[in-house]
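Notes follow the structure.
The values are calculated or read from the model by the stated rules, or taken from the named source; none is laboratory data. Owing to the predicted nature of the structure, the values given are computational and were not obtained by experimental measurement. Reconstructed Cβ throughout: ideal geometry from the backbone, glycine too, with neighbour counts over all protein chains shown. Heavy atoms of the whole protein, side chains included, go into the accessibility calculation; ligands, DNA and RNA do not. Shrake-Rupley method; radii C 1.70, N 1.55, O 1.52, S 1.80 Å.
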Amino acid sequence: MSITNFPGENSSASAGVPLTKVTMPALLEMKRQGKPISSLTAYDYATSRLVDEAGIDMVLVGDSLAMVVMGHDNTLAITVDEMLHHTRAVRRAVRRALLVADMPFGSYHGTVAEGLANAIRFVKEAGAEAVKVEGPRVELVRALTEAEIPVVGHLGLTPQSIHRMGGYRVQGRTAETVLALKADAMALAEAGAGALVLEGVPREVAAAITAELPIPTIGIGAGPDCDGQILVFHDLLNLTFAPPAKFVRRYADAAALIRGAVEHYREDVERRTFPNDEESYHLPEAVRQALDAPVKTGKLRKV
Ligand code: KIV
């Protein structure tokens, strides 16, 4: 595994996770060693810091931000500039994890040259260490790899294909589509992809691809046999407002925590119990006395 500590940094991050920078070659080494890869999406500075300090290996600024942060119905509306804006915020927070930026719909669906130009923006303007593209875009992956941009592929249920798929449906359920998925996965790896997200495919299909592929697979709704797992941050914490997909496990109820805290605050304001005297600033004693003096002497004393 490649070991790069930040200059002047000792080897421990604040949550006790060693600050050994995760790189794309490090993910490959983890696959070789059979070490599971943990991955999560993140979209802003504060939560990205927590994710990184918790020791997650790969942070994805996913285009799911269109839905979970911006409230769109699907991921299609998000723009390159919006993705860059969020990637920059995450970049300021993430020190250890591999930082991957999702290329949004439309940013790589024209020519390879356009896709390459947009990918370069994520590296140059936002500090991404890799980009993710959906679908078997083999020529694009080859061009990005030749341009020194590490790529994460994404096959199976690719949310940017929602209209072609007719909704978010599990993919690879027939012998024909399974063979096509396997061929696409192999072609992406041969073109230089460093890792592959497998989303919404039967466990057996993900297991077979993981066993055959030389690069790590990161599953979401693809069963436990992938080399790693990824979830959407808001799903993990119950911060989405729709019933979760079958593969989501809620690890905490941040919605209840936030709602409870905000209601408590509102009640305190309404009861005038917030802020209290200790939460208030006070004048120095001398100034207080000087201001009191005119009341007693009729003159304001200088202090
Ligand atoms: O945009 C996203 O969050 C993703 C992950 C779910 C893989 O693509």
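Quick notes on this structure:
- Simple spin-label estimate for residue 46 and residue 148 in nanometres, 7 Å along Cα-Cβ: 3.7 nm
- Efficiency of FRET from Cβ geometry, residue 81 and residue 249, R₀ 25 Å, rounded to 0.05: 0.15
- Only helices enter this figure: runs of n ≥ 4 DSSP H residues, each worth -39500 (n - 2.57), summed and divided by the residues of the chain, yield -12500 deg cm²/dmol at 222 nm to the nearest 500.
- Where Cα atoms sit under 19 Å apart: lysine pairs in region 4-257 separated by 8 or more or lying on different chains: 6
- Distant-in-sequence amide H partners of residue 42 (H built 1.01 Å from N, under 5 Å): 60, 61, 62
- 5 Å binning of all Cα-Cα separations within region 214-295, expressed as whole percents from 0 upward: 3, 11, 12, 11, 9, 9, 8, 7, 6, 6, 6, 4, 3, 3, 2, 1, 0
- Computed Rg/Rh of region 126-247, alpha carbon atoms with Kirkwood Rh: 0.97
- Ligands, DNA and RNA left out, the 1.4 Å accessible surface of the chain is 57% carbon and sulfur atoms.
- Counting every pair of alpha carbons in the chain, the share spaced more than 30 Å apart comes to 40 percent.
- Placed amide H near residue 197: partners under 5 Å, 5+ positions off or other chain: 153, 154, 155, 218
- Distance from the C-alpha centroid of region 222-242 to that of region 141-200: 18 Å, rounded to the whole angstrom.
- Membrane-span-like helices in the chain (whole DSSP H runs, Cα extent of at least 15 Å along the helix axis, mean Kyte-Doolittle hydropathy of at least -1.0): 80-93, 112-126, 175-191, 254-270, 285-297.
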